[in-house]
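Have a look at the structure below, then the notes.
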Amino acid sequence: MTPEQTKQFISGGQWQSIAPEIRPSGIKNADGSLKPFYLTRKFTYYPGDKFELEIINLADPYGKVLLAKLFIKGHMQWKGEHPIATGAYKVDFVADQEYEVTPLFQGFADVLNQLASRDYNKWEVGRAQSIFKKSFAPFGLADGQIFSECDLIYINNDLMFWGARNVDGRGFDKEENRPTNLQIPLMRHT
């Protein structure tokens, strides 16, 4: 598919995780290994290269304990072909419209009240707060910074693949960290 065909294909519905996904985090266990990070994703593409993404962070691999909901709204920048597969494209996701965090577990709200209390109301379970262009230490965001990721999109057999996280936990914050492998795919739900 061309980029225009890919955009047309991903329009008109929500894309969701098939099952809870695992990723390496930047946090290490006592033995030095990277702590696993579990999540589910819901993604919607809109005309004009706009998108919405909801991520639910999970405490366990089966998704029984919900930690937090992230809601990101912004624009996609298509950067050309990606060498991972024919029809794969480099895409930057830029959260230039909205970025919210909602604690879904009291322990996570407690951590946020310790690490991110300045310029925020008290963090409470079920209550969203905007972190858009604000300093947010848990995610390494500085005041005025717009979150973005250098990622990829690849369509195969009616599934949408993005890039798999780097095994060392590095984020997709710059071109040299753009993924070189595929993540578990998203399925269309209409």
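Residue by residue, here is whether (1) buried (at least 17 other Cβ atoms within 10 Å of the Cβ); (2) aromatic (Phe, Trp, Tyr); (3) more than 20 Å from LEU104 (Cα to Cα); (4) at pLDDT 95 or above holds:
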{"residue": "LYS28", "(1), (2), (3), (4)": "no, no, yes, no"}
{"residue": "ASP31", "(1), (2), (3), (4)": "no, no, yes, no"}
{"residue": "LEU34", "(1), (2), (3), (4)": "no, no, yes, no"}
{"residue": "PHE37", "(1), (2), (3), (4)": "yes, yes, no, no"}
{"residue": "PRO47", "(1), (2), (3), (4)": "no, no, yes, no"}
{"residue": "LYS50", "(1), (2), (3), (4)": "no, no, yes, yes"}
{"residue": "ILE56", "(1), (2), (3), (4)": "yes, no, no, yes"}
{"residue": "ASP60", "(1), (2), (3), (4)": "no, no, no, no"}
{"residue": "LEU66", "(1), (2), (3), (4)": "yes, no, no, yes"}
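Quick check on segment 79-109: of everything there that is under 16 Å from LYS7 (Cα atoms) and among the aliphatic types (A, V, I, L, M), which residue is surrounded by the most Cβ atoms within 10 Å (Cβ to Cβ)?
Result: VAL91.
Applying the selection to segment 6-26, what residues are more than 17 Å from the chain's Cα centre (by Cα) and in a strand (DSSP E or B)?
Within segment 6-26, just SER11 meets the criteria.
Name every residue in segment 172-188 that is assigned to a loop (DSSP other than H, G, I, E, B), open to solvent by 30 Å² or more (accessible area, probe 1.4 Å) and either among the basic types (Lys, Arg) or modelled with pLDDT under 90 (or both), in order of residue number. Before you say what the answer is, go through the steps one by one.
Filtering segment 172-188 for residues assigned to a loop (DSSP other than H, G, I, E, B) gives 172-174, 178-181, 183-185.
Within this subset, residues satisfying the condition of being open to solvent by 30 Å² or more (accessible area, probe 1.4 Å) are 173-174, 180-181, 184.
Residues satisfying the conditions are ASP173, LYS174.
Restricting attention to segment 110-144, report how many residues are among the aliphatic types (A, V, I, L, M) and open to solvent by less than 40 Å² (accessible area, probe 1.4 Å). I'd like the intermediate steps shown before the answer.
Initial filter on segment 110-144 (among the aliphatic types (A, V, I, L, M)): 111-112, 115-116, 125, 128, 131, 137, 141-142.
Checking which are open to solvent by less than 40 Å² (accessible area, probe 1.4 Å) leaves us with 112, 116, 131, 141.
Qualifying residue count for the region: 4.
The values are calculated or read from the model by the stated rules, or taken from the named source; none is laboratory data. Given the structure is predicted, the values throughout are model-derived calculations rather than measurements. Note that each Cβ is placed from the backbone with ideal geometry, even for glycine, and that neighbours are counted across all protein chains shown. Just the protein is used for accessible areas: all its heavy atoms, side chains included, with ligands, DNA and RNA removed. Shrake-Rupley method; radii C 1.70, N 1.55, O 1.52, S 1.80 Å.
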